[in-house]
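Only one structure is covered here, and it is reproduced in the block below.
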Amino acid sequence: MSNTKKIALTGIKPTGVPHIGNYLGAIKPALELADNYDARYFIADYHALNSLKDRDLLKSYTYEVAATWLACGLDPDKVLFYRQSDVPQIFELTTMIMAFTSKGLMNRAHAYKAIVADNLEKEKDPDNGVNMGLFTYPVLMAADILMFDADYVPVGKDQIQHIEIAADIAEAFNSNYKVEALKIPTGIASEETQTITGLDGRKMSKSYNNTISLFLPEKQLRKIIMKIVTNSQEIDEPKDPDSCNVFALYKLFATKEQQEALAERYRAGGLGWGHAKQELFELLNTVVAPMREKYFALMDDKSYIDKVLVEGAQKARDIAQAKIEYLRGVIGF
Ligand code: TRP
């Protein structure tokens, strides 16, 4: 890892099985970024704990997320890949920066405000269902980022405010000690996340229950693709590819030539929705099949995943420990 490269860091919350929206919007772009950056990608399991208290589920999601990233091509020799809970220094940094984080900053965080607004709308106590982990979520996230001197943080648009909060906290810390102790991070929002269409035509999201899991076995993949919502046009009618949920997904995986060829068949008429869906299934299946095979092999024998995470944890802790010792000095401990 050359230290002249800029550092890119992101966290992945293990709160569900990765779907094709995650793949196109987060995994693929992050892996491309890793070619040009010193990449540090981690599983944000302490962030997941705020909402996920079932130990077996937390464990299996953690494995599934790790296996997914490895199957999609994450090279642990190139990318520092670790589990947040394996790096206790992050929690020490969290406590350090708590003292530089105004409570008002937390009150203004969109995610927290949305929960409060929802509670008020339902005439519940404003803090109903809000634990302190959730309320202070942006502080832990700031520690994740500041611990590893991240220059860039690729995230979905909804997370950009959290990166700004991390930058605010770093500035407050630095200006107090009159030293650039913490690097000011910049968030980069992946545009794509917003435009990946789910089964029902809305943005693909776990909360809408309209996702297509990335590594469904072939039969199930076909079955779910057949459930994509279309209009009620007959086979013979010419169809508009640009207003079609099936085509919207097809486009994301197809070459220009494939896109044009299918669009042509839409416009000509004679292509039924079942045919269009079969085309999408075949294309998607071809793209995911090699990754899916790796994924199931990794999940079958988890020892490789364990090894990668143990080695990643060791490297991450070494970096983090050096930073913590430096920061303790800055503070005057
Ligand atoms: N909050 C992020 C999400 O929900 C996950 C996350 C945790 C993260 N810590 C991070 C992302 C640090 C980037 C950097 O998607």
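Write down the Å³ per residue value for the convex hull defined by the alpha carbon atoms of the stretch 40-189.
Working: hull volume 19.1 nm³, N = 150.
Dividing the Cα hull volume of the stretch 40-189 by its residue count gives 127 Å³.
Please give me the summed charge of the neighbours of Gln258: other residues whose Cβ is under 14 Å from its Cβ, Lys and Arg +1, Asp and Glu -1. Mind showing how you got there, number by number?
Values: positive: Lys251, Lys256, Arg265; negative: Glu257, Glu260, Glu264, Glu279, Glu282.
So the environment of Gln258 carries a net charge of -2.
Put a dot 7 Å past each Cα toward the Cβ at Glu282 and Asn36; how far apart are the dots in nm?
3.6 nm
What's the Cα-based Rg to Rh of the stretch 1-74, Rh via Kirkwood?
Working: Rg = 13.2 Å, Rh = 13.0 Å.
Across the stretch 1-74, the Cα-based Rg/Rh ratio is 1.01.
When you have a sec, figure out the Kirkwood radius of the stretch 91-178 from all distinct Cα pair distances and drop it here in Å to one decimal?
Numbers: mean 1/r = 0.0725 Å⁻¹.
Roughly 13.8 Å, rounded to one decimal.
Report, as a whole number in µm² per second, the diffusion coefficient that Stokes-Einstein gives for the stretch 106-239 at 4 °C and 1.567 mPa s using the Kirkwood radius over alpha carbon pairs. Don't jump to the answer; show the numbers that get you there.
Details: Rh = 18.5 Å.
Reported coefficient: 70 µm²/s.
Between the stretch 145-182 and the stretch 1-75, how many Å separate their Cα centres?
Each part's Cα centre sits 20 Å from the other's.
Would you kindly give the portion of the calculated P(r) for the chain that falls above 39 Å, as a percent of all Cα pairs? Could the numbers behind the result be given before it?
On the way: 11915 of 55278 pairs.
In whole percent, the long-distance tail amounts to 22.
Can you tell me the relative contact order of the stretch 22-160? Whole percent, Cα pairs under 8 Å, sequence separation 6 or more.
Working: 94 pairs, mean separation 40.9, N = 139.
It comes to 29 percent, rounded to a whole number.
Around Ile97, with a cut-off of 12 angstrom between Cβ atoms, what is the net charge of the other residues, counting Lys and Arg +1 and Asp and Glu -1? Before the final figure, lay out each step's value.
Values: positive: none; negative: Glu92, Asp144, Asp168, Glu171.
Computed value for this residue: -4.
Between Asp38, Asp75, Asp56, find the one with the highest GNM mean-square fluctuation for the chain; connect C-alpha pairs within less than 10 Å.
Top of the fluctuation ranking is Asp56.
What ranking of Met96, Met147 emerges when the number of other C-beta atoms within 10 Å of each C-beta is taken as an exposure proxy, fewest first? Don't skip to the answer; put the middle values down first.
Values: Met96 20, Met147 26.
Exposure proxy ranking, most exposed first: Met96, Met147.
Work out the FRET efficiency for Val229 and Glu311 from their Cβ-Cβ distance, taking R0 = 35 Å, and round it to the nearest 0.05.
On the way: r = 45 Å, r/R0 = 1.27.
The computed FRET efficiency comes out at 0.20.
Would you grab the residues whose amide H sits under 5 Å from the one on Arg83? Only those 5+ places off in sequence or on another chain, please, with H modelled 1.01 Å from N.
For Arg83, whose amide H was placed from the backbone, the distant partners under 5 Å are Ile43, Ala313.
Under 5 Å between amide hydrogens, which residues at least 5 positions from Lys13 or on another chain qualify, with H placed 1.01 Å from N in the peptide plane?
Ala44
Using Cβ counts within 10 Å as a stand-in for footprinting exposure, how do Asp54, Asp306 rank, fewest first? Numbers along the way, then the final one.
Numbers: Asp54 9, Asp306 12.
Result, fewest neighbours first: Asp54, Asp306.
For the Cα atoms of the chain, what angle does the longest principal axis make with the long axis of helix 303-331, in degrees from 0 to 90, nearest 10?
40 degrees
Give me the number: length gained by fully extending Gln259 to Phe296, i.e. 0.36 nm times residue separation minus the C-alpha to C-alpha distance, one decimal in nm. Before the final figure, lay out the partial values.
Working: separation 37, 0.36 × 37 = 13.32 nm, distance 3.01 nm.
Full extension of this stretch gives 10.3 nm more.
Sorted from largest to smallest, which semi-axis lengths in Å does the alpha carbon gyration tensor of the stretch 201-242 give for its equivalent ellipsoid, taking the root of 5 times each eigenvalue? Mind showing how you got there, number by number?
Working: eigenvalues 112, 44, 13 Å².
Semi-axes (√(5λ), whole Å): 24, 15, 8.
How far, in nm, would the chain grow between Ala322 and Ser60 when pulled straight, counting 0.36 nm per residue and subtracting the alpha carbon separation? Each step should come with its number before you reach the end.
Values: separation 262, 0.36 × 262 = 94.32 nm, distance 3.17 nm.
Difference between extended and current length: 91.1 nm.
Can you tell me the length gained on complete extension of the stretch Asn176 to Tyr208, counting 0.36 nm per residue apart and subtracting the Cα distance?
On the way: separation 32, 0.36 × 32 = 11.52 nm, distance 4.40 nm.
Working it through step by step, the gained length comes to 7.1 nm.
If amide H atoms are built 1.01 Å from N in the plane of the peptide, which residues on other chains or at least 5 residues away come under 5 Å of the amide H of His19?
Correct list: Leu214.
At a threshold of 8 angstrom on Cα-Cα distance, excluding pairs fewer than six apart, so keeping six or more, what relative contact order does the chain reach in percent? Show your work: numbers first, answer last.
On the way: 466 pairs, mean separation 72.4, N = 333.
Dividing the mean separation by the residue count of the chain yields 22 percent.
With bins 10 Å wide starting at 0, give me the P(r) of the stretch 62-124 over every alpha carbon pair, in whole percents.
The percentages, shortest bin first, are 16, 23, 27, 28, 5, 0.
Determine the relative contact order of the stretch 174-333: mean sequence separation of Cα pairs under 8 Å and six or more apart, normalised by residue count, in whole percent.
Numbers: 119 pairs, mean separation 33.0, N = 160.
Result for the stretch 174-333 is 21 percent.
Any chance you could give the angle, 0 to 90 degrees and rounded to 10, that helix 256-268 forms with the longest Cα principal axis of the chain?
Here the helix axis deviates by roughly 40 degrees.
Please identify the chymotrypsin sites (Phe, Trp or Tyr not before Pro) of the stretch 145-199 that satisfy two criteria: DSSP loop assignment and at most 12 other Cβ atoms within 10 Å. Which are they? Can you show the working numbers first?
Values: sites: Phe148, Tyr152, Phe173, Tyr177; in loops: Phe148.
Here no chymotrypsin sites (Phe, Trp or Tyr not before Pro) fit, given the DSSP loop and packing criteria.
Rounded, prolate or oblate: which fits the stretch 206-333, taking a ≥ b ≥ c as square roots of the Cα gyration tensor eigenvalues, rounded meaning a/c under 1.5, else prolate when a/b beats b/c?
Values: a/c = 3.56, a/b = 2.47, b/c = 1.44.
Note, shape of the stretch 206-333 comes out prolate.
Order by neighbour count: Cys72, Cys244, fewest other Cβ atoms within 10 Å first, most last.
Numbers: Cys72 20, Cys244 24.
Lowest count first: Cys72, Cys244.
Any read-out appearing in this document is the output of simple, stated calculations on the displayed coordinates, not a laboratory observation. Just so it is clear, the structure is predicted and the values come from calculations on it, not from any experiment. Heads up, the Cβs are rebuilt from the backbone with ideal geometry, glycines too, and the neighbour counts pull from every protein chain shown.
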